[in-house]
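The values are calculated or read from the model by the stated rules, or taken from the named source; none is laboratory data. No experiment lies behind these values; they were computed from the predicted model shown. With ideal geometry, Cβ positions are generated from the backbone for all residues, glycine too; neighbour counts draw on all protein chains shown. The protein model used for the area step is the full one, side chains on, heavy atoms only, and it has no ligands, DNA or RNA in it. Shrake-Rupley method; radii C 1.70, N 1.55, O 1.52, S 1.80 Å.
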Amino acid sequence: MATKSTNQQPSMIETLKEFKDTKNIDRTTLVSVLEESFRNVIAKIFGSDENFDVIVNPDKGDLEIYMKRIVVENGAVQDENKEIELKEAQKISADYEVGEDVSEPVDFASFGRRAILNLRQTLASKILELEHDAVYNQYKDRVGELISGEVYQTWKREILIIDDQNNELILPKAEQIPSDSFRKGETVRAVILRVDNENNNPKIILSRTSPMFLQRLLEQEVPEITDGLITVHKIARIPGERAKIAVETYDERIDPVGACVGVKGARIHGIVRELNNENIDVINYSANTKIFIQRALSPARVSSITLDEESRKADVFLAPEEVSLAIGRGGLNIKLASLLTEFTIDVYRDSADSEGEEDIYLEEFSDEIDSWVINAIKSIGLDTAKSVLNAPREMLIEKADLEEETVDHVLEVLRAEFEQ
C-alpha cells in the first residue's frame with residue numbers, strides 16, 4: 001500500500017484546525033473527534049476498525065493511518081483485512097515470521113471517493129455537534145448576565161448579534177425597547193434572558209426590556225450595590241416609558257436613593273440614556289406595606305390607605321388634586337406602583353366636602369342610567385353614587401370597560417343629584 005495521505009487528508013485536518021482556533025475546542029477533543037470520524041469510515045469499509053491505528057496531530061495538520069495484520073503461512077489467508085501471507089510480509093521486511101504483526105501505512109485516499117465524502121459528512125456532523133455543545137456550555141449558566149455584542153443582521157422580528165467569540169445571539173423584537181433602532185455594526189448591550197437548546201440547537205435569547213437589564217446597569221453604575229451595601233428589592237418597568245426601583249440599605253450612613261441617583265443625577269443619567277430616556281424613579285423600600293405603597297405612588301401625597309392582605313388589594317384615598325398625580329400620564333404611575341408593591345391599587349378622591357351627605361345606591365338611578373352600565377360599575381366594587389364620584393374617571397373607563405361618553409353621562413347624572 002502507499003505510504004501516506006494525499007492532499008485530501010491535510011485539507012480535512014486544516015479544516016478542523018481552523019475550527020479549533022475559531023470555536024475554542026481543546027486539542028484533546030479535536031484529536032478524539034478526528035480519530036472517531038476516521039474510524040467510523042474505516043469500520044464501514046472493512047467491517048471493523050480493530051486492526052487499524054489512527055494517529056492524529058492537529059497542530060501540524062498531520063495524519064497517519066496504519067493497518068495491522070498477522071503473518072500466516074502462504075496460502076492460509078482467510079481474511080485479507082486481518083491476515084497477510086508470509087511471502088508478502090517478507091517483501092516488507094525479510095525478518096518477518098509466522099505469527100508476528102505487520103503494520104503498514106495506509107493512504108486514506110486509496111479507499112475511494114465515496115469514503116472521502118463519507119468522512120467529510122461525518123466530520124461536518126461532529127463539528128456541528130461540538131459547536132452547539134460549546135455554545136450551550138458557554139452560556140447555559142450565564143442567564144441574567146449583562147453582555148454586549150455587535151449587530152450583524154436586522155430583521156423585522158429579531159436582531160442577530162455577534163459576541164466577541166463570533167457566537168450568534170438573538171434579540172427578539174418583543175425584548176427590545178419600543179424606541180430601539182439599531183444598524184449593522186453598532187454595539188448593543190442587553191441581558192441574557194434564557195438559553196434554549198431544543199434538538200441540540202442552542203439559541204441565546206437577549207432582552208433589553210427585562211427588569212434584570214435595568215438592575216445590571218445599576219450594578220455597573222452604583223458600586224454600593226455591587227459591594228452589598230445597597231439592596232435592590234424590586235424593579236418595575238414599562239420599557240421605554242418609566243421604571244420604579246425600590247432600594248434599601250442597612251448602613252445608616254448611606255442614603256440609598258441618593259447613592260443610586262448620584263450627584264446631580266450623574267449615575268442615573270447614563271442608565272436613562274441607555275434606556276432611550278426611560279424615566280426612572282428610585283424610592284426607599286419599606287417592610288411596612290402602607291408606607292411602601294405610599295412611596296410607590298410618589299409624587300402623589302396619600303391621605304389614607306385601606307388594605308386587604310388576603311386579596312392583595314389596596315384602596316388609596318387622596319385629595320382631589322393628587323389623584324391625577326397618583327394615576328400618572330396614561331396610568332403609568334399607578335401601574336408601576338401596583339407592579340412594584342404587588343398590590344392591586346385603586347385610588348379614590350378623599351373629599352371632605354361630601355362628609356355628612358347621605359349616599360345613594362346606584363340602582364336608584366336606573367331611570368337615567370342603563371342597568372348594564374350600573375352592573376359594569378358595580379363589578380369593579382363601586383355600589384354607591386359617592387364611591388363612583390370619588391373614583392378617577394380613567395379607572396371607570398379602563399376597569400369597567402365603558403366608553404368615555406358613557407362614563408361622562410354617569411358622572412353628570414350623579415353630580416346633579418348632589419347639587420340639588
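Taking first residues from the range 179-199 that are in contact (Cβ under 8 Å) with a residue 12 or more places away in the chain and partners that are basic (K, R), the Cβ contacts under 6 Å between residues at least 6 apart in sequence or on separate chains come to A190/R208; V191/R216; I192/R142; V195/K140.
Test of understanding: among K335, K313, which residue is basic (K, R) and more than 28 Å from the chain's Cα centre (by Cα)?
On the way: K335 fails: more than 28 Å from the chain's Cα centre (by Cα).
Answer to the check: K313.
When the test is whether a residue is part of a strand (DSSP E or B) and loosely packed, with under 14 Cβ neighbours inside 10 Å, S103 passes it. Annotation: N166 fulfils all but one of (1) of a type in the set (S, T, N, Q); (2) open to solvent by 50 Å² or more (accessible area, probe 1.4 Å); (3) in a helix (DSSP H, G or I); (4) touching a helix residue (DSSP H, G or I) at 6+ places or on another chain (Cβ under 7 Å); the unmet one is (3). Within the set T6, T22, T29, the sole residue that is open to solvent by 70 Å² or more (accessible area, probe 1.4 Å) and at pLDDT below 80 turns out to be T22.
Which members of the range 365-420 meet the condition of being among the aromatic types (F, W, Y) and either at positive phi or without any contact (Cβ under 8 Å) to a residue 60 or more places away in the chain (or both)?
Going through the range 365-420, the residues among the aromatic types (F, W, Y) turn out to be 365, 372, 418.
Those that are among the aromatic types (F, W, Y) and either at positive phi or without any contact (Cβ under 8 Å) to a residue 60 or more places away in the chain (or both): F365, W372.
The condition of being surrounded by fewer than 16 Cβ atoms within 10 Å (Cβ to Cβ), of a type in the set (K, R) and under 38 Å from the mean Cα position of the chain (by Cα) holds for only one of R113, R157, that being R157. The number of residues in the range 256-276 that are out of contact with any Ser or Thr (no Cβ under 8 Å at 6 or more places or on another chain) and outside any helix (DSSP H, G or I) comes to 2.
Hey, does the range 237-246 have a residue that's open to solvent by 50 Å² or more (accessible area, probe 1.4 Å) and free of Cβ contacts under 8 Å to residues at least 40 places away in the same chain? Please lay out each step first, then the result.
Initial filter on the range 237-246 (open to solvent by 50 Å² or more (accessible area, probe 1.4 Å)): 241.
Filter once more, so that each one left must be free of Cβ contacts under 8 Å to residues at least 40 places away in the same chain: none.
No, there is no match, as no residue in the range 237-246 is open to solvent by 50 Å² or more (accessible area, probe 1.4 Å) and free of Cβ contacts under 8 Å to residues at least 40 places away in the same chain.
Can you tell me which residue within the range 290-301, out of those that are surrounded by 15 or more Cβ atoms within 10 Å (Cβ to Cβ) and in contact with a helix residue (DSSP H, G or I) (Cβ under 6 Å, 6 or more places away or on another chain), is modelled with the lowest pLDDT?
So the first thing to find is which residues in the range 290-301 are surrounded by 15 or more Cβ atoms within 10 Å (Cβ to Cβ), and the list is 290, 292-298, 300.
If we keep only those that are in contact with a helix residue (DSSP H, G or I) (Cβ under 6 Å, 6 or more places away or on another chain) as well, we get 292-293, 296-297, 300.
On the way: F292: 94, I293: 94, A296: 95, L297: 94, A300: 90.
Once the filter is applied, the top-ranked residue is A300.
Say whether the condition of being out of contact with any helix residue (DSSP H, G or I) (no Cβ under 9 Å at 6 or more places or on another chain), aliphatic (A, V, I, L, M), open to solvent by 20 Å² or more (accessible area, probe 1.4 Å) and farther than 16 Å from K399 by Cα is met by at least one residue in the range 355-377. So far as the range 355-377 goes, no, none of its residues is out of contact with any helix residue (DSSP H, G or I) (no Cβ under 9 Å at 6 or more places or on another chain), aliphatic (A, V, I, L, M), open to solvent by 20 Å² or more (accessible area, probe 1.4 Å) and farther than 16 Å from K399 by Cα. Out of curiosity, is A190 hydrophobic (A, V, I, L, M, F, W, C) and either part of a loop (DSSP other than H, G, I, E, B) or open to solvent by 20 Å² or more (accessible area, probe 1.4 Å) (or both)? No: the conditions fail for A190. Within the range 172-181, at least one residue is open to solvent by less than 70 Å² (accessible area, probe 1.4 Å), over 30 Å from S37 (Cβ atoms), in a loop (DSSP other than H, G, I, E, B) and of a type in the set (A, V, I, L, M). For the range 302-320, the candidate set comprises residues that are open to solvent by 50 Å² or more (accessible area, probe 1.4 Å), in contact (Cβ under 8 Å) with a residue 24 or more places away in the chain and outside any strand (DSSP E or B); within that set, the residue that is nearest to M395 (Cα to Cα) is P320. Of all residues in the range 126-149, those that are under 10 Å from P202 (Cα atoms) have Cβ atoms under 6 Å from Cβ atoms of residues that are part of a helix (DSSP H, G or I), 6 or more apart or on another chain, in E131/K23; A134/K23.
In the range 141-163, how many are in a loop (DSSP other than H, G, I, E, B), among the charged types (D, E, K, R) and in contact with a strand residue (DSSP E or B) (Cβ under 6 Å, 6 or more places away or on another chain)?
Of the range 141-163, the ones in a loop (DSSP other than H, G, I, E, B) are 141-145, 155-157, 163.
If we keep only those that are among the charged types (D, E, K, R) as well, we get 141-142, 145, 156-157, 163.
Narrowing the set further to residues that are in contact with a strand residue (DSSP E or B) (Cβ under 6 Å, 6 or more places away or on another chain) leaves 142, 145, 163.
Residues flagged as in a loop (DSSP other than H, G, I, E, B), among the charged types (D, E, K, R) and in contact with a strand residue (DSSP E or B) (Cβ under 6 Å, 6 or more places away or on another chain) within the range 141-163 amount to 3.
Scanning the range 262-289 for residues that are open to solvent by 30 Å² or more (accessible area, probe 1.4 Å) and under 12 Å from E224 (Cβ atoms) yields one hit, R267. Remark: pairs (first residue in the range 93-106, closer than 7 Å to K68 by Cα; second residue exposed (fewer than 12 other Cβ atoms within 10 Å of the Cβ); Cβ separation under 6 Å; 6+ apart in sequence or on different chains) = E104/M1.
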